[in-house]
Amino acid sequence: MHCGKPLPEGSRRDRAYCDNKCRGLASYYRRKSGVPPPPRWQHPALTSDNPALRSAAAHAQQLGETNGWSPSLVRCAMDGLMAVLEDRPPGEPVRITEIRTRIPRHASSYRVAEVLADLDLLDDDSALTIRSWVDHRTSELPADFASDVRAWLLVLLDGDSRARPRSHTCLYVYFGRVRPLLENWAATRGHLREITVADVTTALAPLRGWQRRNAISGLRSLFRFAKKRGLIFANPTTRLKAEEIERNLLPMTDAEVLAVERTAVTPAQRLIVALAAVHAARATAIRHLTLNDLDLPNHRIAIAGHAQRLGELPHQTLLAWLDERRTLWPKTPNRHVLINAKTALGTRPVSAEYLKRHLLHQGIYLERIRGDRVLHEALTVGADPLHLALVFNLSHTTASRYATIAQDLLDDQIEQAAESQ
């Protein structure tokens with residue numbers, strides 16, 4: 001390709017190939033003879049006849065320079081833009097589902113969608129995913145219940161004039177607890193209106209804890225919807241109440257603390273654990289913590305808008321993580337403290353799955369560490385809910401619950417000391 005040497009005809013063993021020296025020699029002789037170098041290769045999308053594709057490719061190149069994308073990532077994004085814009089009229093939006101099906105496998109659908117969204121050429125039809133899930137899961141139910149349950153889930157998803165839309169997680173939890181009950185009732189019942197209070201009581205009898213609570217919430221929502229739409233004559237869950245689950249929280253043992261110390265070895269893991277163990281930070285607050293919330297010289301931090309003094313352990317772990325963050329992604333535009341290889345190219349926080357992969361899947365329960373910190377504070381300074389609410393930015397209900405647990409533990413200690421005497 002560089003020296004112009006012809007390839008002899010014949011079998012494969014008779015063919016001659018250029019070596020790596022050929023390109024360097026060609027460049028050397030061009031400079032020696034004063035011949036200008038050939039024009040650098042440009043992606044075909046940058047010189048396309050389609051103005052929309054040409055503009056999108058230029059914007060992808062600009063985003064790559066701003067967000068620190070690698071050259072290969074920029075080229076892959078342009079390949080994806082060519083696949084969806086090359087034969088499309090200028091100004092016509094592109095659906096997200098079309099991006100996922102048409103772009104090459106090596107291209108990132110997220111980066112292609114990001115470029116198109118900046119140019120107002122993206123049609124977000126991602127809601128079709130949850131709707132297709134609703135259609136698929138309800139089609140597996142008995143025919144007498146499928147249509148009513150489907151209408152109920154769609155109202156939960158979209159809301160109506162007197163109800164707000166619920167999250168996708170709410171749909172998954174409600175349907176997951178209600179579905180086995182409906183399948184059992186289908187053997188003897190043909191419609192929701194035939195379900196009685198005795199049927200509901202019998203179905204809930206073997207359930208305990210959060211399974212029972214979630215099942216009650218799902219059944220109440222389903223039959224309330226059916227009553228409102230005139231699908232049933234009487235609501236069998238009218239007097240059914242979700243039982244409160246008592247939290248039996250105890251301080252962490254030395255073995256549990258040692259296990260956390262051995263498991264949390266990376267700077268990111270140690271930072272997350274330190275924020276939960278010292279400041280009782282929630283997982284969402286840790287994910288959304290930004291560099292603007294940190295005042296390292298003055299040892300101050302703002303967690304979920306609540307400013308407080310930064311502890312020594314979080315301060316040291318923050319310095320270690322920020323050093324690694326600066327080494328791995330020196331040009332990232334992301335202002336969030338916790339980032340990974342994916343979010344370093346944009347401005348979004350890490351997902352909840354990031355914390356699960358680094359902590360929960362390793363056997364570290366963040367809520368357990370956070371609860372232990374609040375309980376330790378209550379045991380140290382006294383069971384004062386006002387103090388807990390001010391220090392950890394807790395609601396009055398949560399602070400009172402922790403104070404009650406701490407007071408019970410203190411009373412047990414006093415009784416044990418009196419018996420030993």
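The values are calculated or read from the model by the stated rules, or taken from the named source; none is laboratory data. Since the model is a prediction, treat every value here as computed from it, not as a measurement. Counting neighbours? That spans all protein chains shown, and the Cβs are built from the backbone with ideal geometry, glycine included. Accessible surface is based on the protein model in full, side chains and every heavy atom, while ligands, DNA and RNA are left aside. Shrake-Rupley method; radii C 1.70, N 1.55, O 1.52, S 1.80 Å.
Of Arg150, Arg164, which residue is touching a Ser or Thr at 6+ places or on another chain (Cβ under 9 Å), over 30 Å from Ala56 (Cβ atoms) and open to solvent by 30 Å² or more (accessible area, probe 1.4 Å)?
Only one candidate passes the filter, namely Arg150.
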**Message:** I'm trying to understand the selection: among the residues of the range 323-346, which are in contact with a helix residue (DSSP H, G or I) (Cβ under 9 Å, 6 or more places away or on another chain) and open to solvent by 90 Å² or more (accessible area, probe 1.4 Å)?
**Reply:** Leu328, Lys331, Arg335, Lys342
**Request:** Of the conditions (1) in a helix (DSSP H, G or I); (2) farther than 24 Å from Lys228 by Cβ; (3) over 25 Å from the mean Cα position of the chain (by Cα), Leu182 clears all except one; give me its number.
**Result:** (2)
**Message:** Just to be sure before I move on: is Leu207 among the aliphatic types (A, V, I, L, M) and open to solvent by less than 80 Å² (accessible area, probe 1.4 Å) in the structure I sent?
**Reply:** yes
**Prompt:** Looking at the range 168-175, is at least one residue closer than 22 Å to Ala234 by Cα, touching a Gly at 6+ places or on another chain (Cβ under 8 Å) and among the aromatic types (Phe, Trp, Tyr)?
**Reply:** yes
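Let's see how each residue does on (1) open to solvent by 60 Å² or more (accessible area, probe 1.4 Å); (2) at pLDDT 90 or above; (3) among the aromatic types (Phe, Trp, Tyr):
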{"position": "Ala60", "(1), (2), (3)": "no, yes, no"}
{"position": "Asn67", "(1), (2), (3)": "no, no, no"}
{"position": "Pro90", "(1), (2), (3)": "yes, no, no"}
{"position": "Val94", "(1), (2), (3)": "no, yes, no"}
{"position": "Asp123", "(1), (2), (3)": "yes, no, no"}
{"position": "Ala143", "(1), (2), (3)": "yes, no, no"}
**Prompt:** Looking at Ser139, Ser132, Ser70, which one is over 18 Å from Leu345 (Cβ atoms), of a type in the set (Gly, Ala, Ser) and under 25 Å from the mean Cα position of the chain (by Cα)?
**Reply:** Ser132
**Request:** Taking Ala77 as the residue in question, decide whether it is modelled with pLDDT of 70 or more, part of a helix (DSSP H, G or I), out of contact with any Gly (no Cβ under 9 Å at 6 or more places or on another chain) and open to solvent by less than 40 Å² (accessible area, probe 1.4 Å).
**Result:** no
**Request:** Considering each of Ala274, Ala281, Ala268, Ala285 in turn, give the residue that is open to solvent by less than 40 Å² (accessible area, probe 1.4 Å), at pLDDT 90 or above, farther than 19 Å from Val178 by Cα and not in a helix (DSSP H, G or I).
**Result:** Ala281
**Asked** Which of the residues belonging to the range 347-400 are surrounded by 13 or more Cβ atoms within 10 Å (Cβ to Cβ), farther than 30 Å from Leu410 by Cα and of a type in the set (A, V, I, L, M)?
**Response** Val350, Leu355, Leu359, Leu360
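Just to be sure before I move on: is Val149 part of a helix (DSSP H, G or I), in contact (Cβ under 8 Å) with a residue 40 or more places away in the chain, within 14 Å of Leu222 (Cβ to Cβ) and of a type in the set (Val, Ile, Thr) in the structure I sent?
yes
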**Request:** Give the residue that is surrounded by the most Cβ atoms within 10 Å (Cβ to Cβ), with candidates limited to residues of the range 290-306 that are under 11 Å from His279 (Cβ atoms) and aliphatic (A, V, I, L, M).
**Result:** Ile301
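Going by the conditions given, is Ala403 modelled with pLDDT under 90, touching a helix residue (DSSP H, G or I) at 6+ places or on another chain (Cβ under 9 Å) and assigned to a helix (DSSP H, G or I)? Spell out the reasoning first.
On the way: modelled with pLDDT under 90: yes; touching a helix residue (DSSP H, G or I) at 6+ places or on another chain (Cβ under 9 Å): yes; assigned to a helix (DSSP H, G or I): yes.
Answer is yes for this residue.
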